[in-house]
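Notes follow once the structure below has been shown.
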Amino acid sequence: MHKEINISSEKTTAIGRLKSYAELMKLRLSSLVVLSAILGYLLGPGAIIPFQAVLLCLGGFLITGASNAFNQIWERDLDKLMSRTQKRPLPQGRITVFESLIVGGIMGIGGVALLWYLNDTCAVLGILALVLYVAVYTPLKTITPLAVFVGAIPGSIPPMLGFIAASGNFGLEAGVLFMIQFFWQFPHFWAIAWKLDDDYKKAGFRLLPSGYRDKQSAYQIMLYTSFLIPIVMLPWVIELSGVVSMIFAVSFSIAMLIPAFRLFKGMELKHASQLMFFSFVYLPLVLFLFFLDKL
(Lines give C-alpha, C1' and ligand atoms only; values in the text may rest on other atoms or scores of the structure.)
Protein backbone atom coordinates (compact mmCIF):
# COMPACT_ATOMS: atom_id res chain seq x y z
CA MET A 1 0.00 0.00 0.00
CA HIS A 2 2.78 2.40 1.00
CA LYS A 3 4.68 1.60 -2.24
CA GLU A 4 1.54 2.30 -4.34
CA ILE A 5 1.15 5.74 -2.73
CA ASN A 6 4.81 6.59 -3.47
CA ILE A 7 4.51 5.46 -7.07
CA SER A 8 1.32 7.51 -7.49
CA SER A 9 3.07 10.55 -5.97
CA GLU A 10 6.06 10.16 -8.31
CA LYS A 11 3.75 9.97 -11.33
CA THR A 12 1.88 13.09 -10.23
CA THR A 13 5.18 14.93 -9.75
CA ALA A 14 6.42 13.83 -13.19
CA ILE A 15 3.15 14.89 -14.82
CA GLY A 16 3.28 18.21 -12.99
CA ARG A 17 6.82 18.84 -14.17
CA LEU A 18 5.90 18.06 -17.77
CA LYS A 19 2.99 20.48 -17.45
CA SER A 20 5.38 23.14 -16.14
CA TYR A 21 7.71 22.60 -19.11
CA ALA A 22 4.72 22.92 -21.47
CA GLU A 23 3.80 26.22 -19.81
CA LEU A 24 7.43 27.39 -19.96
CA MET A 25 7.56 26.89 -23.73
CA LYS A 26 3.95 28.15 -24.19
CA LEU A 27 2.87 24.96 -25.90
CA ARG A 28 -0.22 26.37 -27.64
CA LEU A 29 1.62 29.41 -28.98
CA SER A 30 4.48 27.23 -30.20
CA SER A 31 1.98 24.99 -31.98
CA LEU A 32 0.45 28.00 -33.77
CA VAL A 33 3.92 29.02 -34.94
CA VAL A 34 4.49 25.52 -36.31
CA LEU A 35 1.16 25.71 -38.17
CA SER A 36 2.21 28.99 -39.78
CA ALA A 37 5.58 27.52 -40.79
CA ILE A 38 4.09 24.38 -42.31
CA LEU A 39 1.58 26.43 -44.32
CA GLY A 40 4.52 28.45 -45.67
CA TYR A 41 6.22 25.17 -46.56
CA LEU A 42 3.13 23.93 -48.41
CA LEU A 43 3.14 27.11 -50.48
CA GLY A 44 6.72 26.40 -51.56
CA PRO A 45 7.70 24.98 -54.95
CA GLY A 46 8.07 21.29 -55.72
CA ALA A 47 6.74 18.17 -54.05
CA ILE A 48 6.17 17.86 -50.32
CA ILE A 49 8.96 15.88 -48.66
CA PRO A 50 7.70 14.47 -45.33
CA PHE A 51 11.18 14.34 -43.77
CA GLN A 52 11.71 18.04 -44.55
CA ALA A 53 8.30 18.90 -43.11
CA VAL A 54 9.06 17.02 -39.89
CA LEU A 55 12.43 18.77 -39.47
CA LEU A 56 10.76 22.13 -40.06
CA CYS A 57 8.03 21.44 -37.51
CA LEU A 58 10.40 20.17 -34.85
CA GLY A 59 13.02 22.87 -35.46
CA GLY A 60 10.45 25.68 -35.45
CA PHE A 61 8.74 24.28 -32.37
CA LEU A 62 12.01 24.04 -30.42
CA ILE A 63 13.17 27.54 -31.41
CA THR A 64 9.83 29.00 -30.36
CA GLY A 65 9.83 27.01 -27.14
CA ALA A 66 13.34 28.24 -26.32
CA SER A 67 12.35 31.85 -27.05
CA ASN A 68 9.38 31.59 -24.72
CA ALA A 69 11.45 29.92 -22.00
CA PHE A 70 14.14 32.64 -22.05
CA ASN A 71 11.43 35.31 -22.18
CA GLN A 72 9.85 33.92 -19.01
CA ILE A 73 13.23 33.71 -17.28
CA TRP A 74 13.85 37.39 -18.09
CA GLU A 75 10.38 38.48 -16.96
CA ARG A 76 9.91 36.16 -13.99
CA ASP A 77 9.77 39.01 -11.45
CA LEU A 78 7.41 41.04 -13.63
CA ASP A 79 5.19 37.99 -14.16
CA LYS A 80 4.54 37.92 -10.41
CA LEU A 81 2.85 41.32 -10.73
CA MET A 82 0.30 40.43 -13.43
CA SER A 83 -2.83 38.36 -12.92
CA ARG A 84 -2.47 36.57 -16.27
CA THR A 85 1.11 35.42 -15.54
CA GLN A 86 1.24 34.90 -11.76
CA LYS A 87 0.58 31.18 -12.13
CA ARG A 88 3.41 30.52 -14.57
CA PRO A 89 5.96 27.94 -13.36
CA LEU A 90 8.79 30.37 -12.53
CA PRO A 91 6.77 32.88 -10.44
CA GLN A 92 5.27 29.95 -8.54
CA GLY A 93 8.64 28.29 -8.03
CA ARG A 94 7.55 25.03 -9.65
CA ILE A 95 10.81 24.98 -11.63
CA THR A 96 14.08 26.83 -11.02
CA VAL A 97 15.78 29.45 -13.19
CA PHE A 98 18.74 27.13 -13.70
CA GLU A 99 16.48 24.30 -14.81
CA SER A 100 14.67 26.67 -17.19
CA LEU A 101 17.99 27.82 -18.66
CA ILE A 102 19.00 24.22 -19.30
CA VAL A 103 15.66 23.36 -20.92
CA GLY A 104 15.68 26.55 -23.01
CA GLY A 105 19.29 26.01 -24.05
CA ILE A 106 18.68 22.42 -25.15
CA MET A 107 15.62 23.45 -27.14
CA GLY A 108 17.43 26.36 -28.77
CA ILE A 109 20.48 24.33 -29.79
CA GLY A 110 18.33 21.43 -30.95
CA GLY A 111 16.06 23.71 -32.97
CA VAL A 112 18.96 25.46 -34.73
CA ALA A 113 20.62 22.09 -35.49
CA LEU A 114 17.44 20.74 -37.10
CA LEU A 115 16.94 23.88 -39.17
CA TRP A 116 20.60 23.80 -40.21
CA TYR A 117 20.04 20.29 -41.54
CA LEU A 118 17.37 21.78 -43.82
CA ASN A 119 19.63 24.61 -45.04
CA ASP A 120 21.83 27.31 -43.56
CA THR A 121 19.37 30.11 -44.38
CA CYS A 122 16.71 28.45 -42.23
CA ALA A 123 19.20 28.10 -39.37
CA VAL A 124 20.24 31.77 -39.57
CA LEU A 125 16.57 32.84 -39.56
CA GLY A 126 15.94 30.65 -36.52
CA ILE A 127 18.87 32.22 -34.66
CA LEU A 128 17.72 35.71 -35.70
CA ALA A 129 14.20 35.05 -34.43
CA LEU A 130 15.50 33.74 -31.10
CA VAL A 131 17.92 36.62 -30.51
CA LEU A 132 15.50 39.39 -31.54
CA TYR A 133 12.69 38.01 -29.42
CA VAL A 134 14.72 37.38 -26.27
CA ALA A 135 17.50 40.00 -26.33
CA VAL A 136 15.70 42.93 -28.02
CA TYR A 137 11.91 42.61 -27.88
CA THR A 138 11.70 41.35 -24.28
CA PRO A 139 13.68 44.18 -22.60
CA LEU A 140 12.06 46.82 -24.84
CA LYS A 141 8.58 45.96 -23.53
CA THR A 142 9.17 48.04 -20.39
CA ILE A 143 10.79 50.90 -22.31
CA THR A 144 8.74 51.77 -25.40
CA PRO A 145 5.63 50.72 -27.39
CA LEU A 146 8.03 50.31 -30.33
CA ALA A 147 8.80 46.92 -28.80
CA VAL A 148 5.77 45.63 -30.74
CA PHE A 149 7.42 46.57 -34.06
CA VAL A 150 10.60 44.78 -33.05
CA GLY A 151 8.67 41.74 -31.84
CA ALA A 152 6.77 41.59 -35.13
CA ILE A 153 10.01 40.72 -36.96
CA PRO A 154 10.73 37.35 -35.30
CA GLY A 155 6.98 36.76 -35.17
CA SER A 156 6.81 37.04 -38.97
CA ILE A 157 9.60 34.60 -39.76
CA PRO A 158 7.69 31.25 -39.54
CA PRO A 159 5.87 31.25 -42.93
CA MET A 160 8.96 32.65 -44.62
CA LEU A 161 11.02 29.95 -42.92
CA GLY A 162 8.65 27.30 -44.22
CA PHE A 163 8.83 28.57 -47.78
CA ILE A 164 12.64 28.72 -47.69
CA ALA A 165 12.74 25.17 -46.31
CA ALA A 166 10.84 24.07 -49.42
CA SER A 167 12.59 26.28 -51.98
CA GLY A 168 16.13 26.26 -50.57
CA ASN A 169 16.59 30.02 -51.02
CA PHE A 170 15.16 33.40 -50.11
CA GLY A 171 13.07 35.09 -52.78
CA LEU A 172 10.18 37.47 -53.40
CA GLU A 173 7.58 34.86 -52.42
CA ALA A 174 9.15 34.33 -49.01
CA GLY A 175 9.27 38.11 -48.51
CA VAL A 176 5.56 38.45 -49.31
CA LEU A 177 4.65 35.77 -46.76
CA PHE A 178 6.77 37.64 -44.22
CA MET A 179 4.91 40.88 -44.98
CA ILE A 180 1.48 39.31 -44.55
CA GLN A 181 2.32 37.93 -41.12
CA PHE A 182 4.20 41.12 -40.16
CA PHE A 183 1.23 43.41 -40.71
CA TRP A 184 -1.24 40.88 -39.27
CA GLN A 185 0.59 40.97 -35.96
CA PHE A 186 -0.23 44.60 -35.22
CA PRO A 187 -4.04 44.34 -35.00
CA HIS A 188 -3.64 40.90 -33.42
CA PHE A 189 -1.23 41.96 -30.68
CA TRP A 190 -2.70 45.42 -30.11
CA ALA A 191 -6.18 43.92 -29.65
CA ILE A 192 -4.72 41.70 -26.92
CA ALA A 193 -2.84 44.66 -25.43
CA TRP A 194 -6.05 46.73 -25.39
CA LYS A 195 -7.83 44.01 -23.40
CA LEU A 196 -4.93 43.46 -21.01
CA ASP A 197 -3.71 47.05 -20.68
CA ASP A 198 -4.57 47.33 -16.97
CA ASP A 199 -2.72 44.11 -16.20
CA TYR A 200 0.26 45.07 -18.38
CA LYS A 201 0.61 48.39 -16.53
CA LYS A 202 1.21 46.50 -13.28
CA ALA A 203 4.50 45.29 -14.78
CA GLY A 204 5.30 48.60 -16.49
CA PHE A 205 4.39 47.40 -19.99
CA ARG A 206 2.88 50.03 -22.31
CA LEU A 207 2.40 48.11 -25.51
CA LEU A 208 -0.43 50.01 -27.18
CA PRO A 209 0.73 52.39 -29.97
CA SER A 210 0.38 55.54 -27.86
CA GLY A 211 0.92 53.68 -24.59
CA TYR A 212 -2.73 54.14 -23.61
CA ARG A 213 -6.28 53.05 -24.48
CA ASP A 214 -7.06 56.20 -26.41
CA LYS A 215 -8.23 57.39 -29.82
CA GLN A 216 -4.68 57.48 -31.17
CA SER A 217 -4.09 53.82 -30.34
CA ALA A 218 -7.50 52.84 -31.72
CA TYR A 219 -6.78 54.73 -34.94
CA GLN A 220 -3.46 52.97 -35.47
CA ILE A 221 -5.07 49.58 -34.82
CA MET A 222 -7.66 50.37 -37.50
CA LEU A 223 -4.99 51.70 -39.87
CA TYR A 224 -2.73 48.65 -39.64
CA THR A 225 -5.72 46.35 -40.03
CA SER A 226 -6.60 48.16 -43.27
CA PHE A 227 -3.05 47.57 -44.57
CA LEU A 228 -3.88 43.87 -44.80
CA ILE A 229 -6.34 44.50 -47.65
CA PRO A 230 -3.71 45.41 -50.28
CA ILE A 231 -1.02 43.19 -48.77
CA VAL A 232 -3.00 39.95 -49.13
CA MET A 233 -3.34 40.73 -52.83
CA LEU A 234 0.41 40.37 -53.30
CA PRO A 235 0.47 36.52 -53.57
CA TRP A 236 -1.86 36.86 -56.56
CA VAL A 237 0.25 39.67 -58.04
CA ILE A 238 3.43 37.55 -57.93
CA GLU A 239 1.49 34.43 -59.01
CA LEU A 240 2.09 32.54 -55.80
CA SER A 241 -1.67 31.87 -55.65
CA GLY A 242 -4.76 32.49 -57.75
CA VAL A 243 -7.51 35.08 -58.00
CA VAL A 244 -10.06 33.05 -56.01
CA SER A 245 -7.96 32.95 -52.83
CA MET A 246 -7.11 36.63 -53.32
CA ILE A 247 -10.81 37.55 -53.38
CA PHE A 248 -11.47 35.52 -50.23
CA ALA A 249 -8.37 36.95 -48.49
CA VAL A 250 -9.44 40.52 -49.29
CA SER A 251 -12.98 39.73 -48.07
CA PHE A 252 -11.64 38.35 -44.78
CA SER A 253 -9.41 41.43 -44.39
CA ILE A 254 -12.40 43.72 -44.85
CA ALA A 255 -14.35 41.63 -42.33
CA MET A 256 -11.47 41.98 -39.85
CA LEU A 257 -11.50 45.74 -40.39
CA ILE A 258 -15.09 45.95 -39.10
CA PRO A 259 -14.31 45.29 -35.40
CA ALA A 260 -11.20 47.49 -35.73
CA PHE A 261 -13.41 50.33 -37.02
CA ARG A 262 -15.93 49.72 -34.23
CA LEU A 263 -13.10 49.87 -31.70
CA PHE A 264 -12.03 53.23 -33.12
CA LYS A 265 -15.59 54.59 -32.97
CA GLY A 266 -16.70 53.20 -29.62
CA MET A 267 -13.44 52.43 -27.72
CA GLU A 268 -15.12 49.41 -26.12
CA LEU A 269 -13.41 46.26 -24.84
CA LYS A 270 -15.90 44.02 -26.61
CA HIS A 271 -14.71 45.27 -30.00
CA ALA A 272 -11.08 44.59 -29.05
CA SER A 273 -12.19 41.05 -28.10
CA GLN A 274 -13.93 40.61 -31.45
CA LEU A 275 -10.82 41.77 -33.30
CA MET A 276 -8.59 39.49 -31.22
CA PHE A 277 -10.69 36.37 -31.82
CA PHE A 278 -11.04 37.12 -35.54
CA SER A 279 -7.27 37.57 -35.83
CA PHE A 280 -6.64 34.09 -34.37
CA VAL A 281 -8.63 32.53 -37.21
CA TYR A 282 -7.60 34.96 -39.93
CA LEU A 283 -3.95 34.11 -40.55
CA PRO A 284 -4.07 30.28 -40.76
CA LEU A 285 -7.27 30.53 -42.82
CA VAL A 286 -5.78 32.95 -45.36
CA LEU A 287 -2.54 30.96 -45.72
CA PHE A 288 -4.52 27.73 -46.11
CA LEU A 289 -6.64 29.35 -48.83
CA PHE A 290 -3.49 30.36 -50.71
CA PHE A 291 -2.34 26.75 -50.51
CA LEU A 292 -5.67 25.37 -51.76
CA ASP A 293 -5.65 27.79 -54.67
CA LYS A 294 -2.16 26.63 -55.57
CA LEU A 295 -3.30 23.00 -55.99
Q: List every residue pair whose Cβ atoms lie under 9 Å apart, where the two residues are 6 or more positions apart in sequence or sit on different chains, the first residue falls within the stretch 266-281 and is assigned by TED's automatic domain parsing to the domain that holds Gln220, and the second residue, located anywhere, is of a type outside the set (Ser, Thr, Tyr) and in a loop (DSSP other than H, G, I, E, B).
A: Met267/Arg213; Met267/Asp214; Leu269/Arg213; Ala272/Arg213
Q) So which residues in the stretch 211-241 are over 18 Å from Ser253 (Cβ atoms) and either part of a loop (DSSP other than H, G, I, E, B) or in contact with a strand residue (DSSP E or B) (Cβ under 7 Å, 6 or more places away or on another chain) (or both), if there are any at all? A) Gly211, Tyr212, Arg213, Asp214, Glu239
Q: Being assigned to a loop (DSSP other than H, G, I, E, B) and out of contact with any Ser or Thr (no Cβ under 7 Å at 6 or more places or on another chain) is the filter here, so list the residues in the stretch 192-210 that pass it.
A: Leu196, Ala203, Arg206, Leu207
**Q.** Pairs where the first residue, in the stretch 17-32, is at positive phi and the second is assigned to a helix (DSSP H, G or I) and modelled with pLDDT of 90 or more, C-beta under 6 Å, 6+ apart
**A.** Lys26/Asn68
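Among the residues of the stretch 80-88, is there at least one that is among the hydrophobic types (A, V, I, L, M, F, W, C), crowded, with 23+ Cβ neighbours inside 10 Å and in contact with a helix residue (DSSP H, G or I) (Cβ under 7 Å, 6 or more places away or on another chain)?
No, the stretch 80-88 contains no residue that is among the hydrophobic types (A, V, I, L, M, F, W, C), crowded, with 23+ Cβ neighbours inside 10 Å and in contact with a helix residue (DSSP H, G or I) (Cβ under 7 Å, 6 or more places away or on another chain).
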Q: Look through Ser226, Ser241, Ser217, Ser245 and report the one residue that is surrounded by 15 or more Cβ atoms within 10 Å (Cβ to Cβ), of a type in the set (Ser, Thr, Tyr), more than 21 Å from Gln181 (Cβ to Cβ) and in contact (Cβ under 8 Å) with a residue 12 or more places away in the chain.
A: Ser217
Q) Pick from the stretch 167-208 the residues that are surrounded by fewer than 22 Cβ atoms within 10 Å (Cβ to Cβ) and among the small types (Gly, Ala, Ser): which of them is nearest to the chain's Cα centre (by Cα)? A) Gly175
Q) Given the conditions (1) touching a Pro at 6+ places or on another chain (Cβ under 7 Å); (2) crowded, with 18+ Cβ neighbours inside 10 Å, which single one is not true for Ala147? A) (1)
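The values are calculated or read from the model by the stated rules, or taken from the named source; none is laboratory data. Everything quoted here is computed from the prediction, not taken from an experiment. In this analysis, Cβ positions are derived from the backbone assuming ideal geometry, glycine residues included, and neighbour counts consider all displayed protein chains.
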